[in-house]
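Engineer: Have a look at this one before I ask anything.
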Amino acid sequence: MHSKLSAMGVGLLVAATALPSFAAADPPGGDSGRGLEKSMQCVACHGYGGVTDNPTFPNLAGQNAGYLSLQLEHFRSGKRYDPVMSPIAQTLSDDDIADLAAYFGGLEQKVADKR
Ligand code: HEC
């Protein structure tokens, strides 16, 4: 039973990898260099390099790139709503999202020192 379930999990993972359009809109295959440039519009809230000590904003550095792109897609589509983040996501193209997810996802995960 248990092994059957994990085999199913692997099967789903393989399917999602082989058919990225199945997962959501855009797979995280972005360019982290372009993501770095685009991330300048995120610094004020999420901190330089995606780490902030402001508890209002989540850290982005080192978060799973697939998760990041999915959240941005959800903010953009309205599936996830935040009065601040949703309008920002609505300005992002599929390429922007892939690039930003590649950039933030590729950073070392960190927590701000002072809290
Ligand atoms: C004006 C402030 C502001 C700016 C600028 C901003 N964000 Fe956000 N962001 C937020 C807030 C607030 C949240 C938390 C929303 C919530 O609670 O659901 C958030 C959440 C997120 C999340 C979800 C994180 C998680 O852990 O689920 C992602 C991803 C994200 N932002 C990416 C970005 C990117 C990429 C940019 C730049 C293009 C950006 N944000 C610019 C305020 C901002």
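Readers should treat all values here as calculations from the given coordinates under stated rules, not as data from a laboratory. Only a predicted model underlies this, so the values are computations on that prediction, with no experimental measurement involved. Here Cβ is always computed from backbone atoms with ideal geometry, including for glycine, and neighbour counts include all displayed protein chains.
Engineer: For the residue pair Tyr48 and Ala112, what label-to-label distance in nm results when each label sits 7 Å from Cα along the Cα-to-beta-carbon direction?
Structural biologist: In this crude label model, Tyr48 to Ala112 measures out at 1.4 nm.
Engineer: So, one more: Once the mean 1/r over all distinct Cα pairs of the range 50-115 is inverted, what Kirkwood radius in angstroms do you read off?
Structural biologist: For the range 50-115, the Kirkwood estimate is 12.3 Å.
Engineer: Run through the range 55-88 and list the trypsin sites (Lys or Arg not before Pro) located in a DSSP loop whose Cβ has at most 16 other Cβ atoms within 10 Å.
Structural biologist: Answer in residue order: Lys79, Arg80.
Engineer: Among residues other than Asp31 whose Cβ falls under 12 Å from its Cβ, what is the net charge (Lys/Arg +1, Asp/Glu -1)?
Structural biologist: -2
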